[in-house]
Each structure stands twice: as structure tokens, then as C-alpha cells.
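Right, one structure below, let's go through it.
Just so it is clear, none of the values below were taken in a lab; they were calculated from the coordinates. Only a predicted model underlies this, so the values are computations on that prediction, with no experimental measurement involved. Cβ: placed from backbone, ideal geometry, glycine included. Neighbour counts: every protein chain shown.
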Amino acid sequence: MQSILLLRYVKWHYLDAPRDILRGWGNILWFNFNYFSVPLLLQTFFSPWRRIAWDYGRGFDIGVYLFTFSSNLISRILGAIVRSFLIVAGLVVQLALLFLGSLLFLFWFVLPAIIAAAFIYGIFLLF
């Protein structure tokens, strides 16, 4: 009975739980990628910032045309700059989550050895 319990624990610790950890880790990575809206930011990279755009109006006046063109250009450049920062921030957080998740995943496999070593070290401290 005890050997069956030990085998069930080993199966859970090294097969079932890692699968669940990877599934949860994947959900966190997916959430972060969508939280920062990286695909949407890449699709709308050169769109005007907050959809602020000026209309050229009727007729042709070179002053109005140059003012409107430069204002729209500034709005698009500002949008690209802000989106660049958000994309970089999202990718940096994504890399940090990848690194921390891989450390956690490796720690999960080493955890039984750490617990056993700590238990043995505690026994040696008693005697």
C-alpha cells in the first residue's frame, strides 16, 4: 500500500503537476501578450495617436493643407513612439515571465531533493 502511494506521488510530481504548471504558465504568457496588446499595437503602429486627425476641408489652401498635413504627421509619429514603448515594455515583461517561469519549472523538479536535504541537515543539527 505504501509503495503504491509513493508511486502515485512520483507520477503526480513528475508527470501530472508539470503538465498543469506548463498549462498555467502558458495562460500567464498568453494573458501578458494580450494585456499589452502587442499584436494590435503592431497592426496599428502608424495610426494617429488616439485617432486624433485633422480634416483637410473643402478647397485648396496651401497654408491649411500644410498645417493639416504636419498635424496629422505629428499625431502619427507620436502614436508610433508611444506604441513602440508599449511593445518594448510588453516584450520585456514577456521575457521576464519566460525566465521566471523556467526557473520555477526547474525548481519544481529539484524540490523533493531540497526537502530531503533540509530534513537530513535538520537531523544532523539535532545530534
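Side notes on the structure shown:
- Contour excess over end-to-end distance, with Cα ends at ASP20 and PHE124 and 0.36 nm allotted per residue: 33.9 nm
- Computed [θ] at 222 nm, helices only, for the chain once each DSSP H run of length n ≥ 4 contributes -39500 (n - 2.57): -28000 deg cm²/dmol
- For the stretch 1-54, the C-alpha radius of gyration sits at 2.23 times the compact-globule guess of 2.2 N^0.38 Å, with N the residue count.
- Loop-located chymotrypsin sites (Phe, Trp or Tyr not before Pro) in the stretch 27-83 whose Cβ has at most 16 other Cβ within 10 Å (DSSP): PHE45, PHE46, TRP54, TYR56, PHE60
- Candidates per trypsin sites (Lys or Arg not before Pro) in the stretch 1-95, loop by DSSP, up to 12 other Cβ within 10 Å: ARG58
- With Cα atoms defining each centre, the stretch 62-111 and the stretch 4-30 are spaced 33 Å apart in the structure.
- In terms of overall dimensions, the stretch 46-115 has a Cα radius of gyration and Dmax of 24.1, 80 angstrom.
- Which of ILE77, ILE62 has the fewest Cβ neighbours within 10 Å, and the rest in rising order: ILE62, ILE77
- Cα→Cβ-extended label distance, 7 Å offset, between ARG50 and PHE105, nm: 4.1
- For the stretch 2-126, the Kirkwood radius over C-alpha pairs fed into Stokes-Einstein at 20 °C and 1.002 mPa s yields D = 110 µm² per second.
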